[in-house]
1. Taking +1 at the Cβ of each Lys and Arg and -1 at the Cβ of each Asp and Glu, which of V55, L2, G23 sits farthest along the dipole of region 2-61 towards its positive end, judged by Cα position relative to the Cα centre?
2. Give a quick list of chymotrypsin sites (Phe, Trp or Tyr not before Pro) in region 1-57 that DSSP marks as loop, anything other than H, G, I, E or B, with at most 14 other Cβ atoms within 10 Å.
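Every read-out reported here was derived from the displayed coordinates using simple, explicitly stated rules and does not represent laboratory data. Because the structure is predicted, anything quoted here is derived from the model rather than measured. Here the Cβ positions follow ideal geometry from the backbone for every residue, glycine too, while neighbour counts run over all protein chains shown.
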Amino acid sequence: MLHQIITQSKKHLSLISLFVFIGAGGTGAALWDRKNNPEPWNKLAPNDQYKFYSVNVDYSKLKKEGPDF
């Protein structure tokens, strides 16, 4: 299987970047700290900015609408 991947990447050079990014994503997922913070998305407050860029939302003025879990 590894031999086939190497030969295909030699024929199609654009596959090399695909293999690098998928490998880095898989490594990052395997190294994620599950013992200390298993569900980091549950610890976000309603006024925490979780998007990189938001056009119309001011997160500091948001109030919590749902229950605590």
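1. Ranked along the dipole, the leading option is L2.
2. Answer by residue number: W32, Y50, F52, Y53.
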